[in-house]
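The next block holds one structure in the form of structure tokens; read it before the comments.
The values are calculated or read from the model by the stated rules, or taken from the named source; none is laboratory data. Note that the structure is a prediction, hence the values are computed from the model and not measured. Reconstructed Cβ throughout: ideal geometry from the backbone, glycine too, with neighbour counts over all protein chains shown.
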Amino acid sequence: MTEKAVETLTEAEARVELARLAKALAAANTAYHTLDAPEISDAEYDALKRRNLAIEARFPWLKRADSPSDQVGAAVAEGFGKVTHRVRMLSLENAFAAEDVAEFVDRVRKFLGLAEDAVVRFTAEPKIDGLSLSLRYEQGVLIQAATRGDGEVGEDVTQNARTIADIPQRLTGAPDVLEVRGEVYMSHADFAALNDRQAAAGEKTFANPRNAAAGSLRQLDARITASRPLRFFAYAWGELSEPLAATQFEAIARLAALGFPTNPLTTLCDGPEALLAEYRRIEALRATLGYDIDGVVYKVNDLALQARLGFRSSTPRWAIAHKFPAELAWTELLGIDIQVGRTGALSPVARLKPVTVGGVVVSNATLHNEDYIAGRDSRGEPIRGGKDIRVGDWVQVYRAGDVIPKVADVDLSRRKDGAQPFVFPKFCPECGSPAHREDGDSVRRCTGGLICPAQAVERLKHFVSRGAFDIEGLGAKQIELFYRDPILPVKTPADIFTLAARDAANPLQKLKNREGFGEVSVAKLFAAIEARRTIPLDRLIYALGIRHIGETSSSLLARHYGTWEAFITAIDRARDQTGPEWEELIAIDGIGVVSARALVDALRPENAERAEIDRLVGFLTVLPVAAAASDSPVAGKTVVFTGTLEKMTRAEAKARAEALGAKVAGSVSARTDLVVAGPGAGSKAKDAERLGVAIIDEDAWLRLIGG
Ligand code: IVH
């Protein structure tokens with residue numbers, strides 16, 4: 001049968017055709033992946049997939065829920081299923097010093113507009129060093145367990161969680177929908193016994209209880225998890241069909257009553273002094289607990305206040321983790337390597353004689369930058385009493401949690417005769433281009449741009465990383481290989497999207513025949529790349545790897561501009577750093593002048609790199625990003641607050657407006673939709689009048705957003 005050209009299909013025909021293709025591709029997938037007996041050739045398979053995509057592109061509304069273009073490889077995925085968290089799983093801001101805690105309490109008070117002597121009550125509880133898990137119960141039955149993942153999407157580990165004795169399978173008297181969150185961990189005794197068993201069986205041993213817990217929970221075979229002694233503490237919740245209680249403390253007590261283990265050291269504290277006293281008490285108990293903790297978590301007790309405080313991009317405003325001091329060790333500095341990063345930064349890395357720091361063997365540590373090695377800070381003031389660091393020195397290494405170990409100090413009494421000060425290279429060790437340091441920048445950067453292989457490779461790695469394109473089967477290791485590949489080189493992100501076509505055009509040396517690549521893995525890789533031809537705008541902006549433009553800024557930009565076309569047009573117009581588009585860019589809350597400059601500089605139309613970006617975008621369908629909570633009446637609107645607000649603080653007003661999808665700007669322009677003016681409003685209200693922008697008072701604003 002000859003196929004009808006996609007352009008000539010009617011809607012009804014397209015619908016039938018999409019159903020046929022879904023069936024044919026599903027059958028082909030099963031034959032290939034599950035039965036290991038392919039029935040059609042790769043080329044035929046690709047042709048079906050392309051046809052499916054082309055029809056979907058013409059009739060997007062006909063795209064099926066089981067569309068083959070959303071499926072990567074086999075229906076039964078290797079690895080874990082994905083779970084989208086209905087309520088995001090957040091991390092915590094860290095405090096290290098007593099001042100950080102006082103500042104946290106102060107910030108909470110100010111945000112809520114409370115008087116300086118007002119008492120805010122907090123819970124204090126140990127921060128368990130394990131991995132977080134979300135457990136979903138419906139009608140009292142455990143139906144799903146998921147790891148945190150990136151906070152939005154985690155891994156489905158339901159079968160594994162069912163094997164953990166601490167986790168109840170059924171609850172009585174629980175809300176219809178209850179998501180319980182907490183930490184999976186392993187006790188010291190169980191960890192030691194597990195490592196002994198592993199060693200005796202010739203299996204790999206774990207570096208610490210946290211790794212052992214993570215490795216045990218994330219087992220594809222739940223029988224292995226069952227054989228590992230995992231435990232659980234509940235300390236938070238996600239989606240709920242009804243509130244658990246009015247306070248954090250009571251909510252945790254309710255979870256305990258439902259049968260969850262909760263930490264017995266949880267207490268209530270009024271104010272920073274009480275929190276610090278509790279911190280010292282828990283720190284003193286640390287060695288006797290029998291499990292690892294790495295700090296104390298403080299949470300605002302009143303859940304109504306928690307709701308008012310809300311969240312920043314990835315952490316709640318109502319909680320903080322007060323970490324224990326980092327662990328230390330002394331060792332010999334064997335050498336200093338210079339690594340070249342994605343933005344060309346030359347980073348010195350200490351090669352150390354391996355040493356155990358807090359249970360983990362450390363052989364590399366960061367030395368930050370050339371000033372740090374020379375014993376001064378960015379303003380030229382001495383650090384470490386001005387002592388420089390030389391190869392052969394004895395240095396003090398420390399690590400806190402998961403962060404890269406750092407070199408803190410140097411022991412001059414053990415310095416060897418003839419040790420020479422370290423000379424920081426003035427040329428890039430990877431490509432030989434001059435490495436410059438701009439005024440006020442502590443970092444020396446390679447000027448080679450994309451001709452520098454190190455920068456190009458690092459950018460590609462960033463491009464495929466988790467918050468960016470996140471292409472399964474194309475990680476850092478594969479990027480290194482493809483970058484140097486003589487037959488199928490990938491030198492720039494756009495090259496990734498021509499990989500399959502280039503492979504198809506080269507029948508003699510197909511990728512699937514190479515060592516390290518099987519037929520299945522290549523098909524999966526190409527399917528994963530294909531699936532990412534459609535990408536949300538925020539991920540695309542982040543993937544470009546522009547200096548100062550991280551995930552948060554990318555998401556702000558995407559939400560502000562909505563589409564790639566609007567974004568790139570505005571950035572092009574802002575390139576002289578004057579005019580309305582520039583003003584608009586720097587008025588986006590959270591985008592400072594430094595990031596705005598980095599953005600327009602990186603995307604200058606005359607740059608070779610910009611041409612590469614345009615080529616890349618040509619291969620993609622960029623999904624527009626809607627402003628958050630688009631059903632709110634202020635979603636997508638630009639709002640300016642001015643004058644004194646009486647019902648809430650400025651910070652709270654701004655956070656709530658943003659949570660409802662509004663953009664909050666600092667100054668009034670023709671693009672402002674609404675000015676909320678309190679008593680004493682001055683020039684901004686006048687600007688609004690002059691520009692004909694609507695002005696309302698605080699009460700009207702509260703009515704508008706529903707109180
Ligand atoms: S509360 C919205 N409480 O620490 C806040 N987290 O660094 C939810 N953690 O991802 C977290 N003990 O895995 C909370 N008592 C505790 C905790 C705790 C350990 C972990 C958790 C979180 C991480 C943040």
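State which residue pairs qualify: first residue more than 14 Å from PRO175 (Cβ to Cβ) and among the polar types (S, T, N, Q) and inside region 250-264, second residue outside any helix (DSSP H, G or I) and within 15 Å of the ligand (Cβ to nearest atom) in any location, beta carbons under 6 Å apart, and separation of 6 or more residues or different chains.
Filtered contacts from region 250-264: THR262/ALA234; ASN263/GLU125; ASN263/PRO126; ASN263/PHE233.
With respect to VAL464, is the statement that it is of a type in the set (Val, Ile, Thr) and closer than 30 Å to GLU44 by Cα true? I'd like the intermediate steps shown before the answer.
Numbers: of a type in the set (Val, Ile, Thr): yes; closer than 30 Å to GLU44 by Cα: yes.
Answer is yes for this residue.
Got a sec? Which of SER363, SER378 is surrounded by fewer than 17 Cβ atoms within 10 Å (Cβ to Cβ), polar (S, T, N, Q) and without any contact (Cβ under 8 Å) to a residue 24 or more places away in the chain? I'd like the intermediate steps shown before the answer.
Numbers: SER378 fails: without any contact (Cβ under 8 Å) to a residue 24 or more places away in the chain.
Of the residues listed, the single one that is surrounded by fewer than 17 Cβ atoms within 10 Å (Cβ to Cβ), polar (S, T, N, Q) and without any contact (Cβ under 8 Å) to a residue 24 or more places away in the chain is SER363.
Here is a list: VAL407, VAL457, VAL464, VAL490. Which entry is at pLDDT below 95 and under 30 Å from the mean Cα position of the chain (by Cα)? Show your work before the answer.
Working: VAL457 fails: at pLDDT below 95; VAL464 fails: at pLDDT below 95; VAL490 fails: at pLDDT below 95.
Result: VAL407 is the single residue among VAL407, VAL457, VAL464, VAL490 that is at pLDDT below 95 and under 30 Å from the mean Cα position of the chain (by Cα).
Could you list, in sequence order, all residues of region 80-90 that are β-branched (Val, Ile, Thr), away from the ligand (no atom under 13 Å from the Cβ) and either modelled with pLDDT of 95 or more or assigned to a loop (DSSP other than H, G, I, E, B) (or both)? Even if it seems obvious, please write down each step before you answer.
First pass over region 80-90, keeping only residues β-branched (Val, Ile, Thr): 83-84, 87.
Subset that is away from the ligand (no atom under 13 Å from the Cβ): 83-84.
Across region 80-90, there are no qualifying residues.
Taking region 315-352 as the search range and keeping residues that are under 30 Å from LEU450 (Cα atoms) and not in a strand (DSSP E or B), which one is farthest from the ligand (Cβ to nearest atom)? Break it down stepwise before answering.
Keep residues of region 315-352 that are under 30 Å from LEU450 (Cα atoms), which gives 335-351.
Restricting the remaining residues to those that are not in a strand (DSSP E or B) gives 341-344.
Details: GLY341: 25, ARG342: 25, THR343: 27, GLY344: 31 Å.
The qualifying residue farthest from the ligand (Cβ to nearest atom) is GLY344.
Return yes or no: is ARG312 more than 15 Å from the ligand (Cβ to nearest atom), of a type in the set (Lys, Arg) and either under 19 Å from LEU92 (Cα atoms) or out of contact with any Pro (no Cβ under 6 Å at 6 or more places or on another chain) (or both)?
Details: more than 15 Å from the ligand (Cβ to nearest atom): no; of a type in the set (Lys, Arg): yes; either under 19 Å from LEU92 (Cα atoms) or out of contact with any Pro (no Cβ under 6 Å at 6 or more places or on another chain) (or both): yes.
Spelling it out, it is not the case that ARG312 is more than 15 Å from the ligand (Cβ to nearest atom), of a type in the set (Lys, Arg) and either under 19 Å from LEU92 (Cα atoms) or out of contact with any Pro (no Cβ under 6 Å at 6 or more places or on another chain) (or both).
Give the number of residues within region 146-156 that are out of contact with any Gly (no Cβ under 9 Å at 6 or more places or on another chain) and farther than 17 Å from GLY467 by Cα.
Initially, region 146-156 is screened for residues out of contact with any Gly (no Cβ under 9 Å at 6 or more places or on another chain), giving 149, 151-154.
Right, trim to farther than 17 Å from GLY467 by Cα and you get none.
Total satisfying the criteria: 0.
I need the full set of residues from region 542-559 which are part of a helix (DSSP H, G or I), touching a helix residue (DSSP H, G or I) at 6+ places or on another chain (Cβ under 8 Å) and surrounded by fewer than 22 Cβ atoms within 10 Å (Cβ to Cβ), in order please. Write out each step before concluding.
Here is the first cut: in region 542-559, the ones part of a helix (DSSP H, G or I) are 542-543, 551-559.
Keeping just the survivors that are touching a helix residue (DSSP H, G or I) at 6+ places or on another chain (Cβ under 8 Å) gives 542-543, 551, 553-555, 557-559.
Across region 542-559, the qualifying residues are GLU551, SER555, ARG559.
Return the residues of region 568-591 that are farther than 23 Å from ASN607 by Cα and in a loop (DSSP other than H, G, I, E, B); say none if nothing qualifies.
Hits for region 568-591 are ILE588, ASP589, GLY590.
Name, by its number, the condition in (1) buried (at least 19 other Cβ atoms within 10 Å of the Cβ); (2) away from the ligand (no atom under 13 Å from the Cβ) that does not hold for ALA287.
It is condition (1) that ALA287 fails.
Does ALA77 satisfy being closer than 19 Å to ASN301 by Cβ, at pLDDT below 95 and aliphatic (A, V, I, L, M)?
Working: closer than 19 Å to ASN301 by Cβ: no; at pLDDT below 95: yes; aliphatic (A, V, I, L, M): yes.
So ALA77 does not fit the description; no.
Can you give me the number of residues within region 173-196 that are away from the ligand (no atom under 16 Å from the Cβ) and free of Cβ contacts under 8 Å to residues at least 60 places away in the same chain?
7
Could you list, in sequence order, the residues of region 450-470 that are surrounded by fewer than 16 Cβ atoms within 10 Å (Cβ to Cβ) and either of a type in the set (Val, Ile, Thr) or more than 30 Å from ALA527 (Cα to Cα) (or both)?
Passing the criteria: only ILE451.
Please find, within region 158-172, the residue that is nearest to the ligand (Cβ to nearest atom) out of those that are in a loop (DSSP other than H, G, I, E, B), more than 29 Å from THR288 (Cα to Cα) and among the polar types (S, T, N, Q).
Only one residue fits best here, namely GLN169.
Which condition number in (1) loosely packed, with under 14 Cβ neighbours inside 10 Å; (2) closer than 18 Å to ASP687 by Cβ; (3) among the basic types (Lys, Arg) is the one that ARG604 fails?
With respect to (1) loosely packed, with under 14 Cβ neighbours inside 10 Å; (2) closer than 18 Å to ASP687 by Cβ; (3) among the basic types (Lys, Arg), ARG604 is out only on (2).
Evaluate the following for GLN219: is it more than 13 Å from the ligand (Cβ to nearest atom), part of a loop (DSSP other than H, G, I, E, B) and either surrounded by fewer than 19 Cβ atoms within 10 Å (Cβ to Cβ) or touching a residue at least 60 places away in the same chain (Cβ under 8 Å) (or both)?
On the way: more than 13 Å from the ligand (Cβ to nearest atom): yes; part of a loop (DSSP other than H, G, I, E, B): yes; either surrounded by fewer than 19 Cβ atoms within 10 Å (Cβ to Cβ) or touching a residue at least 60 places away in the same chain (Cβ under 8 Å) (or both): yes.
Yes, satisfied.
Inspect all residues belonging to region 420-430 and state whether any of them is of a type in the set (Lys, Arg), out of contact with any Asp or Glu (no Cβ under 6 Å at 6 or more places or on another chain) and not in a strand (DSSP E or B).
Residues of region 420-430 of a type in the set (Lys, Arg): 426.
Among the residues that remain, those that are also out of contact with any Asp or Glu (no Cβ under 6 Å at 6 or more places or on another chain) are: 426.
Now narrow it down to the ones that are not in a strand (DSSP E or B): 426.
Yes, the conditions are met somewhere in region 420-430.
Give me the pairs: first residue in region 296-309 and acidic (Asp, Glu), second residue surrounded by 19 or more Cβ atoms within 10 Å (Cβ to Cβ), beta-carbon distance under 7 Å, and six or more apart or on different chains, which are they?
From region 296-309, the pairs are ASP302/THR247.
Name the residues in region 592-627 that are among the aliphatic types (A, V, I, L, M) and assigned to a loop (DSSP other than H, G, I, E, B), would you? Give the steps one after another, and end with the answer.
Start the filter on region 592-627 by keeping residues that are among the aliphatic types (A, V, I, L, M), which leaves 593-594, 596, 598-600, 602-603, 608, 611, 613, 616-617, 620, 622-623, 625-627.
Hits for region 592-627 are LEU603, LEU620, VAL625, ALA626, ALA627.
Report whether or not GLY202 is outside any loop (DSSP other than H, G, I, E, B) and either modelled with pLDDT under 90 or within 16 Å of the ligand (Cβ to nearest atom) (or both).
For GLY202, the condition - outside any loop (DSSP other than H, G, I, E, B) and either modelled with pLDDT under 90 or within 16 Å of the ligand (Cβ to nearest atom) (or both) - is not met.
Within region 279-294, can you find the residues that are of a type outside the set (Lys, Arg) and closer than 13 Å to ILE128 by Cα? Full working, then the answer.
Initially, region 279-294 is screened for residues of a type outside the set (Lys, Arg), giving 279, 282-285, 287-294.
Answer for region 279-294, where residues must be of a type outside the set (Lys, Arg) and closer than 13 Å to ILE128 by Cα: ILE282, GLU283, LEU289, GLY290, TYR291, ASP292, ILE293, ASP294.
When only residues in region 290-314 that are out of contact with any Ser or Thr (no Cβ under 8 Å at 6 or more places or on another chain) and part of a helix (DSSP H, G or I) count, which is surrounded by the most Cβ atoms within 10 Å (Cβ to Cβ)?
Among residues in region 290-314 that are out of contact with any Ser or Thr (no Cβ under 8 Å at 6 or more places or on another chain) and part of a helix (DSSP H, G or I), the one surrounded by the most Cβ atoms within 10 Å (Cβ to Cβ) is LEU309.
Give me the pairs: first residue in region 9-22 and within 15 Å of ASP66 (Cα to Cα), second residue at pLDDT below 90 and surrounded by 15 or more Cβ atoms within 10 Å (Cβ to Cβ), beta-carbon distance under 6 Å, and six or more apart or on different chains, which are they?
The qualifying pairs are ARG15/LEU62; LEU18/LEU62; LEU18/ARG64; LEU21/LEU48; LEU21/ASN52; ALA22/ARG64; ALA22/PRO68.
Here is a check on your reading of the model: is ALA543 touching a residue at least 60 places away in the same chain (Cβ under 8 Å), within 23 Å of GLU612 (Cβ to Cβ) and aliphatic (A, V, I, L, M)? Talk me through it step by step, then tell me what you get.
Values: touching a residue at least 60 places away in the same chain (Cβ under 8 Å): yes; within 23 Å of GLU612 (Cβ to Cβ): yes; aliphatic (A, V, I, L, M): yes.
In short, yes.
Inside region 91-143, can you point out the residues that are closer than 28 Å to PHE324 by Cβ, more than 16 Å from the ligand (Cβ to nearest atom) and assigned to a loop (DSSP other than H, G, I, E, B)?
Result: ALA97, VAL119, VAL120.
Filter region 222-264 for residues that are away from the ligand (no atom under 15 Å from the Cβ), of a type in the set (D, E, K, R) and touching a strand residue (DSSP E or B) at 6+ places or on another chain (Cβ under 9 Å) and give the result.
GLU242
Looking at GLY335, GLY344, which one is in contact (Cβ under 8 Å) with a residue 24 or more places away in the chain and either among the basic types (Lys, Arg) or in contact with a Cys (Cβ under 6 Å, 6 or more places away or on another chain) (or both)? Working first, answer last.
Working: GLY335 fails: either among the basic types (Lys, Arg) or in contact with a Cys (Cβ under 6 Å, 6 or more places away or on another chain) (or both).
After applying the criteria, what remains is GLY344.
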